[in-house]
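What follows is one structure encoded as structure tokens, with my remarks underneath.
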Amino acid sequence: MNYKIIARYLSVVSFIVGFSMLFSLPWAFSFFGGDWQHEERAFLGLSLSALISFACGGLLLALGKNASGELFRKETLVIVAFSWILATVLGALPYTLSQTMREVGVRMSMCDAIFESQSGISTTGASVINCLENPACVPRAILFWRSTTHFLGGFGFMALFVVLLGQGTSGKAVLRMEQTKVPPRTPQAKIRETTRILVSIYVGMNVVLFLCLWALGLSVFDALSHAFSTISTGGFSTFQMSIGHFAANTDLNAGLIELTLILFMIFSGTNFVLLYWCLRGRPGKMFADTEWRTYIGIIAVSTILLFAFGLFYNDFSSGNETSQATESALGFAMTLMGYFRTCLFQVTSIMTTTGFVTTQYENWNALSVLIILLLMYIGGCSGSTAGGTKVIRSILGFKLLEQEVERTWRPNVVRSVQIDRDQSVDRDMISGVVFFLLLFIVMIVVTALCVLAIEPNTIWEQIGRDQTGKFADILASSLSMYSNIGPALGVTGAAGNFGSFTEATKIIFSLAMLLGRLELFTVLALFLPSFWRKR
């Protein structure tokens, strides 16, 4: 293992994190809307955190001085995993050093800070904070840093890492681990040139969405924060009610804001290479892509089903509201459109693993909740900022199932598995997909069992829920962590958070977020003794 070259690469991660913290400092000043009474500690906390990050980077750079030799796959795996761990630890420092609170009068512990940082870097969007809009609890500069971790962790962090450091096959290995495209689709031969293009698309989408939200009446602060959260498919909001906050603000067009976010969430859950071809004037490549068509089809069908089930079970409104809406045909049509938009927003948010919420979907009927859980498992397209198991793996899983069923009456037939007409998938790739899908489920169950074993019943007893409710909440939370979604069900649903869980549970869920973001194998390989042997 070439530890010097690993240290040199990790030093760049430290410098990137430290430099990013500096962009949060201006929000502490009154010119940018900050109240120095609360922002002073945020300014000092961020400044000290940046200095620590730079010092850590300098130390790692010194350790990696005169590093030489080729970067092999083992080193690449270590760099990918430890870069996220290092970024998480450094990203947690501003929360603790600024004495940020997770609720009024309760400061964030180091476990709280690690959870919040990992949630940001992994673009999960789960939170332990329930007083976001109180600057005495969460200063404005810290709130912006919280959103900035999404920007870093979405696509830009590792892609920028490859742009700066990717060289030859090692750079390509890092990018494939981050994008997990099956099979890889690279529009240009040189990986660094390709990555620059994809980073430009990512940054460009952030800029365009920021301008759109700003034009729709959001402040610069809120528009930037929500742009970071949307394009990274992270889900952190500057409001406790998430996107539902805008519906309560009569000065804003909540419907138009939601539709704008829906559009950009769909783009963010799309393979960025397909977006590249669209910008090149070849949108046909997107519409010809099996994964993207399936992705859009799942969103459309799920939205229709949730809308139909919601109307049948009267999930959307009380009887009085419905009767008032039916007084005129126009009012009734507008009400139905609002219900449909709610379903479309929630399906898109969950499918792309963004995790924004506009309603307490966990209170919907059981069929709708089941569909939402399935969407959590599937996730978005490969090569996007979305989490989950990815649509392409579900497609390959169903194709393999189809072949195995055919073997029951045609045992001698041998067919290649194809994604599109010109793209055959080899058996090794298929085996990897099957193992991943099974391992994903196993890890969810194992994590849920560990949390069930250590988490007391206090939270559920306080709200009058039994053991069945506890099991459902923790299992859904485990799925949410591995799929990097954020909200789950019950106490961790749209109106809840993870602040009341024990420190041990927060650490377990933090590890689950890391495993989900790096797609299991990258991190699990580090736990094998044979990985660290010379041969």
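Go through [x] 0.96; [y] 0.91; [z] 1.09 and flag the label whose value is the computed Cα Rg over 2.2 N^0.38 Å for this structure. Matching the structure shown: [x].
Only protein heavy atoms count here; on that basis, with a 1.4 Å probe, TRP36 has an accessible area of about 110 Å².
Ordered from largest to smallest accessible area (heavy atoms of protein chains, 1.4 Å probe), the residues HIS38, HIS150 come out as HIS38, HIS150. Considering only alpha-carbon pairs that sit under 8 angstrom and 6 or more positions apart, the relative contact order computed for the range 327-422 is 17 percent. Here TRP214 and ALA366 are evaluated by their C-beta separation; at R0 = 35 Å the FRET efficiency comes out at 0.30. Using bins of 10 Å that start at zero, the share of Cα-Cα pairs per bin across the range 49-121 amounts to 18, 39, 27, 13, 4, 0, in whole %.
For the chain, carbon and sulfur atoms together expose 65% of the accessible surface, with a 1.4 angstrom probe and every protein chain in place.
Hey, if you drop one equal point scatterer on each alpha-carbon of the range 248-394 and run the Debye formula without solvent, what base-10 log of I(q)/I(0) do you get at q = 0.11, 0.15, 0.17 Å⁻¹? The computed values of log10 I(q)/I(0) come out as -0.46, -0.80, -0.97. Sorted from greatest to least, the principal axis extents spanned by the alpha carbons of the range 426-523 come out as 53, 24, 22 Å. Measuring nothing but how far apart in sequence close Cα pairs (under 8 Å, 6+ apart) lie, relative to its length, the chain scores a relative contact order of 16 percent. The dipole here belongs to the chain: it is taken about the Cα centre, uses +1 on the Cβ of Lys and Arg and -1 on the Cβ of Asp and Glu, and is about 2360 debye. Using a probe of 1.4 Å on the protein chains alone, the accessible area found for LYS285 is around 80 Å². In terms of accessible area, using a 1.4 Å probe and ignoring ligands and nucleic acids, SER382, SER68, SER47 rank largest first as SER68, SER47, SER382.
For the chain, the Cys residues with no second cysteine's beta carbon closer than 4.7 Å are CYS56, CYS111, CYS212, CYS278, CYS343, CYS381, CYS450. The order of MET337, MET481 by accessible area, most exposed first and with a 1.4 Å probe, is MET337, MET481. The residue among ILE299, THR194, LEU48 whose Cα reaches farthest toward the positive pole of the charge dipole of the chain, with charges on the beta-carbon of Lys, Arg, Asp and Glu, is THR194. For the residue pairs LYS399/LYS470; LYS285/LYS399; LYS285/LYS390, alpha carbon separations beyond 26 Å are given by LYS399/LYS470.
Mean sequence separation of contacting Cα pairs (under 8 Å, at least six apart), scaled by the length of the range 1-82, corresponds to a relative contact order of 52 percent.
The values are calculated or read from the model by the stated rules, or taken from the named source; none is laboratory data. What you are looking at is a predicted structure, and each value in this text was computed from that prediction instead of being measured. All Cβ positions, glycine included, derive from the backbone under ideal geometry; neighbour counts span all protein chains shown. Just the protein is used for accessible areas: all its heavy atoms, side chains included, with ligands, DNA and RNA removed. Shrake-Rupley method; radii C 1.70, N 1.55, O 1.52, S 1.80 Å.
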